[in-house]
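Structure first, commentary second.
The values are calculated or read from the model by the stated rules, or taken from the named source; none is laboratory data. Just so we're clear, the structure is a prediction, and the values are computed from it rather than from any experiment. A quick note on method: Cβ atoms are made from the backbone with ideal geometry, for glycine too, and the neighbour counts reach across all protein chains shown. Just so you know, the surface numbers come from the protein's heavy atoms only, side chains and all, with ligands and any DNA or RNA stripped out. Shrake-Rupley method; radii C 1.70, N 1.55, O 1.52, S 1.80 Å.
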Amino acid sequence: MVSGSTTGDDGSKPAGTQTSAEPETAAGAAALGSAWPLWEVFVRSSRGLSHVHAGSLHAPDAQMAVRNARDLYTRRNEGVSLWVVPASAIVASDPDAKGQFFESPQGKDYRHATYYTKSEGVKHL
Amino acid sequence: MSSDSATRITPGNALRPEDIVAAGNKAPADVAEYALRLGDDSLILAQRLGWWISRAPELEEDVALGNIALDLLGHARSFLSYAGSASSRTEDDLAYWRREGEFRSAHLFEQPNGDFGRTIARQLVVSFYQYELYTALMSSTDSTLAAIAAKAVKEVDYHRDHSAQWVLRLAGGTEESRRRITRALELTWPYAGELFEDDELAVSLAAAGAAVLPSSLRERFDAGVGAVLSEAELEVPQVPAAPGGGRRGRHSEHLGYLLAEMQVLAREHPGASW
Amino acid sequence: MSLHTDASPGLQAVPAEAESVPDGAQAHFEQLLAEDSRIEPRDWMPEAYRKTLVRQISQHAHSEIIGMQPEANWITRAPSLKRKSILMAKVQDEAGHGLYLYSAAETLGTPREKMTEDLIAGKARYSSIFNYPTLSWADMGAIGWLVDGAAICNQVPLCRASYGPYGRAMVRVCKEESFHQRQGFEILLELANGTGAQRGMAQDAINRWYAPSLMMFGPPDDDSPNSKQSMAWNIKRFSNDELRSRFVGMIVEQVKVLGLTLPDDSIRFNEDKQQWEHGPLDWNEFKEVLAGRGPCNAQRLARRREAHEDGAWVREAAAAYAAKQAAAQKTEVA
């Protein structure tokens, strides 16, 4: 239920945010004022594992974002590798299209090994 | 499964100040005096940087400066523990119960924080100096100094990057930031010279292979800092050097206040443990 | 680039003021709560739920940030280098926690900049406990043990808050905070076993922080108008009095290990109610401090405002540099 991430599920803008002229890039957003844009941080906790969303932060640009991520999200030895992504660059699925997106795989239990019960007990299968 | 991977925390297994004490190696008197210099440098700067936590320009920077201060305090504790081994004194005996004239830090480290630009200018000089110093000290014939340097050099490498990134941004940001960082460098530069001054102790220990000859670091320091300044389109400040004297216990006006604050509580309770 | 445009329906925000509730949205929201599932940022949610969350999460974040000050007050004077390291790491953690929480609030559409402005303008609230002064080193112990202890009691249930980003931020905060309470307790333990002066310092700190820490759980249940709705929304999991009672039960045992006392003779376990009871608290003082008339309110806000204003030129410089770099890159490509 609760994943390892701290904040936004997908880094996208929440419903209710009025955003006209969405900046294309984080740097573009910075140009609009002195408030630093938002970045999403992904941490690989050890070799062999994927990067997992850890949380967000603010930084003026990509170079500082990855450094801030190091300072903020790996203070306790949590990672061996980091990704940072401008929050505005994340493309998310439409929550209102949940049905058309995620209904299809449900009920197709023949895609799962547990569907095949007759072969149970056969070794190395 | 993945729920824990991004927040899994471990202490790691790097060298800690406690390990220096536990190892029980007793520093020869001259090595102890040398370790005191390095320990005091880092201690005084950590004391300065600790002030920034809760006052930085942005929360992310509170955390970044906090990490640097903690690294430096760690180095200080290791060096001071080792320095104290020569005279059966602890890191705290040395930090809290020496008088101003017994501190061996160079003047640069005790310079006031000033604005963020002054702090960054000081960080630039310190981190590039310490990086060259620890890189060389890793080959010390004294295994404890070499071990502390090996741990510290990786952290200082990051400090170097942090200060360089900020120098670039302040120099290339706004007119005001450029003016401020230029001025900050001018105010900081006079104290750089002392870091590279040789004296009798440094010469004899360097000859024995235990210490690094300060003057030998200057060229690489100039090249490193010069590259940052040139990328930032800043000039190396042409200002006269301050005389220094920290290695002999002669300090600037600032250290007394810093120590008064740092030591006040410990000295109210002689013999107490915390 | 084209991907961006194609996907825009997914990224487009629903204007808050429209308040045209999509078909079945309210029912879906209620159903998620009933299933004890989580609400995620882009789900439809009632405006009042959003507002409550923004208020609570930002107050929580402000508390972390203002809460750095009373402890930062002793960083430069910490009496041993080990304690100095611990305290620095702890205050630094609080910056991190504030930051995680601001991020969670940002997913609800309120930028950090706005929350910061509200804070320094004196328009936002934060935990009133941080308006008390830290007068001795023992306060570092009492804050860790009592204030962080109370905070942990409050925060552990929040890991299951119905709003996903809040719950996840709290998971991280709780993990990191696990050392905060212990280090505080150990400071007090060391003092309690130390010299007479140290012991006196420890007892004095406990005397001063005890009542304010109990008041951190908020007003009594019958005087807490928002609690009911927050519990219905699964934002709050236990009532103020329930948590307070639980906390009293913990510290009444822990103080014995210290060999010190709590400044309250009325603590007892009520068998009928199965609850710990404590002496009366001065809720008038609580309200006064909350209303800005505490010992350090003005000082704390001034310090935060100063840091923010002194840092403006740095933030502007970094933003300007980023814009120049981006522009240079664009011309290079073209």
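So here's what we get for this one:
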quantity	calculated
Restricting the range A:26-109 to trypsin sites (Lys or Arg not before Pro) in coil, as DSSP defines it, with at most 12 other Cβ within 10 Å	A:R47, A:K108
Over chain C - Rg/Rh using Cα atoms and the Kirkwood inverse-distance radius	1.02
Over the range B:171-274: Kirkwood hydrodynamic radius from C-alpha pairwise inverse distances, Å	17.1
Range of Cα positions in chain B per principal axis (Å), largest first	58, 54, 40
Kirkwood hydrodynamic radius of the range C:54-212, from inverse mean 1/r over distinct Cα pairs, in Å	16.1
Cα gyration tensor, the range B:130-191 - rounded (a/c under 1.5), prolate or oblate	prolate
Over the range B:227-274, equivalent-ellipsoid semi-axes from the Cα gyration tensor in Å	38, 16, 9
For q = 0.24 Å⁻¹, Debye-computed log10 I/I(0) when each Cα of the range C:80-158 counts as one equal scatterer	-1.32
³J(HN,Hα), Karplus 6.51/-1.76/1.60, whole Hz, each residue of the range C:280-296, x for Gly, Pro	x, 10, 8, 5, 5, 4, 3, 5, 4, 5, 4, 7, x, 9, x, x, 10
Backbone N within the range C:115-134 under 15 Å of label point (7 Å from C:R305 Cα along the Cβ vector)	C:116-125
Nearest-0.05 FRET efficiency for A:I90 and B:E175, computed from C-beta distance (R0 30 Å)	0.30
Average partner coverage of B:116-126, which counts Cβ from other chains inside 10 Å	1
FRET efficiency, 1/(1 + (r/R0)^6) with R0 25 Å, evaluated for C:A291 and C:E47 via beta carbons	0.35
Where the Cα pairs of the protein assembly as shown fall when distances are cut into 20 Å bins, in %	16, 46, 31, 7, 0
Tail beyond 19 Å, pair distance distribution of the range B:77-233 (Cα, percent)	60
Pairwise label distance in nanometres, B:A223 with C:D23, each label 7 Å out on the Cα-Cβ vector	7.3
Peptide-level mean, for C:101-108, of C-beta atoms on other protein chains within 10 Å	6
Chain B: DSSP helices with Cα axial extent of at least 15 Å and average Kyte-Doolittle hydropathy no lower than 0.5	B:255-268
Amide hydrogen neighbours beyond the local backbone of C:I39, cut-off 5 Å, H modeled	C:Y163, C:G164
Filtered GluC sites (Glu not before Pro), the range B:229-271: DSSP coil and at most 14 other beta carbons within 10 Å	B:E233, B:E235, B:E253
In nm, spacing of pseudo-spin labels at C:A312 and B:E261 (7 Å Cα→C-beta vector)	2.5
Excluding exposed DSSP-loop GluC sites (Glu not before Pro) (at most 15 other C-beta within 10 Å), longest clean stretch of chain C	C:36-270
Relative contact order for the range B:129-274, counting Cα pairs under 8 Å that sit 6 or more residues apart, in percent	25
Alpha-carbon centroid distance for the pair the range C:121-142 / the range C:156-187, whole angstrom	19
Number of partner chain Cβ atoms within 10 Å, mean per residue of B:189-197	0
Volume of the Cα convex hull of the range C:170-286, divided per residue and given in Å³	126
With at most 15 neighbouring Cβ atoms within 10 Å, loop trypsin sites (Lys or Arg not before Pro) (DSSP) excluded, longest segment of chain B	B:100-249
Positive dipole terminus of the protein assembly as shown, leading residue within B:V153, C:A78, C:A169 (C-beta point charges)	B:V153
Within the accessible area of the range B:166-274 (1.4 Å probe), percent carbon and sulfur	50
Candidates per trypsin sites (Lys or Arg not before Pro) in the range C:31-127, loop by DSSP, up to 11 other Cβ within 10 Å	C:K123
Estimated FRET transfer efficiency (C:K114, B:H254; beta-carbon r; R0 56 Å; 0.05)	0.90
Neighbourhood charge, 14 Å Cβ-Cβ cut-off, centred on C:S63 and excluding it, Lys, Arg +1 and Asp, Glu -1	-3
GNM flexibility winner over chain C from C:P219, C:P111, C:P133 (Cα, springs under 10 Å)	C:P111
Neighbourhood net charge (15 Å Cβ-Cβ; Lys/Arg +1, Asp/Glu -1) for C:R244	-3
Cβ-defined net charge surrounding C:R112, 12 Å radius [Lys, Arg +1; Asp, Glu -1]	-4
Relative contact order computed over chain C (Cα-Cα under 8 Å; 6+ residues apart), in percent	17
Relative contact order for chain B, counting Cα pairs under 8 Å that sit 6 or more residues apart, in percent	23
Degrees separating the helix C:297-310 axis from the principal Cα axis of chain C, which is the longest one	40
Amide proton proximity set for C:G279, modelled H, under 5 Å, gap of 5+	C:S266, C:I267
Segment B:E18-B:R183, length gained on full extension (0.36 nm per residue, minus Cα span)	55.3 nm
For the range A:51-108 and the range B:82-155, distance of Cα centres in Å	38
